[in-house]
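In what follows, a structure is listed as structure tokens, so that the remarks can point back to it.
The values are calculated or read from the model by the stated rules, or taken from the named source; none is laboratory data. Treat the numbers as computed from the prediction; the structure is a model and nothing was measured. So basically every Cβ, Gly included, is an ideal-geometry build from the backbone, and we count neighbours across all protein chains shown.
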Amino acid sequence: MEDRPVDSWTVLEVEGEVDVYTAPKLRERLVELISGGNHRIIVSLEGVGFMDSTGLGSLVAGLKRIKEHDGVLALVCTREPVLKVLSITGLDKVFPLHASVEEATAG
Amino acid sequence: MSDEAHAFSLDLPADPAYVATARMFGSAIARHFGLGEEAVEDLKLGISEACAVVMREGSGGLVLRVWEQDGGLELEVLGGAGMAEVGLGGSGDARTPQSFARSVAGEVLEALFDEASIDPGTAGGSRVAFSLPSASPSAQD
């Protein structure tokens with residue numbers, strides 16, 4: 001997981017598989033970023049080959065925390081397996097969802 | 001290999017680090033039986049959700065079993081201890097992290113598979129089961 005600034009946003013690039021083993025690391029990183037004053041975060045899931053509901057739980061925890069600061073947590077995702085679990089849980093309607101970082105920062 | 005008596009079985013410690021191994025195991029068997037990649041992805045997600053539920057509910061090891069049934073695949077994950085709820089959504093206190101996580105996992109399993117269940121296991125732990133029909137279009141990819 002690496003983060004970088006893009007305009008007024010912080011982009012967190014997530015790679016690999018996000019499951020019950022790795023999801024806590026995602027949650028911790030989001031909490032660190034938000035606690036560090038990053039309140040406009042884009043999580044790019046383009047490098048994620050697999051994500052289950054525990055990964056979604058980490059994203060929801062980040063969203064809940066960032067909203068306490070009137071912040072925004074957006075997702076970038078075009079990978080079908082990840083989009084599918086977002087759709088099943090209805091979270092594709094909860095998170096701003098974009099096809100690219102450029103699209104997300106423009107929005 | 002045509003019934004539960006000839007199931008493929010994988011024993012794992014109840015350690016989240018091994019859930020990826022369970023997904024790989026299930027995926028290999030699904031491909032062996034000719035399931036398409038979309039079905040394999042569904043199966044991986046199902047195994048991951050099932051393992052997460054079982055691990056949350058106990059500290060013992062878990063067992064993944066896969067067998068062919070009527071041309072499709074049946075899967076079950078057994079293990080855990082101290083299970084107190086029955087039903088995909090969980091019937092206990094919905095405010096606890098465990099029951100919330102279980103309800104989301106149940107939602108995913110119900111959406112992916114026609115037959116999915118979370119029940120008490122025979123050894124006092126929990127059992128998550130689901131099936132993949134071979135006749136699904138994705139199985140012919």
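On inspection, A:Glu46 passes the criterion of being surrounded by fewer than 18 Cβ atoms within 10 Å (Cβ to Cβ), in contact (Cβ under 8 Å) with a residue 24 or more places away in the chain, under 13 Å from the mean Cα position of the chain (by Cα) and closer than 16 Å to A:Val6 by Cβ. Of all residues assigned to the stretch A:38-56, none qualifies as being within 24 Å of B:Cys51 (Cβ to Cβ), in contact with a Gly (Cβ under 9 Å, 6 or more places away or on another chain) and basic (Lys, Arg).
In this structure, does A:Leu83 turn out to be at pLDDT 95 or above, crowded, with 18+ Cβ neighbours inside 10 Å and of a type in the set (A, V, I, L, M, F, W, C)? In short, no. Of all residues in the stretch A:44-53, those being touching a Leu at 6+ places or on another chain (Cβ under 7 Å), away from chain B (no Cβ under 14 Å) and charged (D, E, K, R) number 0.
On the stretch given as the stretch A:1-43, residues that are touching a residue at least 24 places away in the same chain (Cβ under 8 Å), under 23 Å from A:Ala106 (Cβ atoms) and of a type in the set (Lys, Arg) total 1.
If you go through the stretch A:16-43, how many residues are under 12 Å from the mean Cα position of the chain (by Cα), within 14 Å of chain B (Cβ to nearest Cβ) and surrounded by fewer than 22 Cβ atoms within 10 Å (Cβ to Cβ)? Selection size over the stretch A:16-43: 1.
Given the residues A:Thr78, A:Thr10, A:Thr105, which is the only one that is in a helix (DSSP H, G or I), more than 10 Å from chain B (Cβ to nearest Cβ) and among the polar types (S, T, N, Q)?
Details: A:Thr78 fails: in a helix (DSSP H, G or I); A:Thr10 fails: in a helix (DSSP H, G or I).
Going through A:Thr78, A:Thr10, A:Thr105 in turn, just one is in a helix (DSSP H, G or I), more than 10 Å from chain B (Cβ to nearest Cβ) and among the polar types (S, T, N, Q): A:Thr105.
For the stretch B:14-35, filtered to residues that are touching a strand residue (DSSP E or B) at 6+ places or on another chain (Cβ under 8 Å) and assigned to a loop (DSSP other than H, G, I, E, B), the residue that is nearest to the other protein chains (Cβ to nearest Cβ) is B:Ala14.
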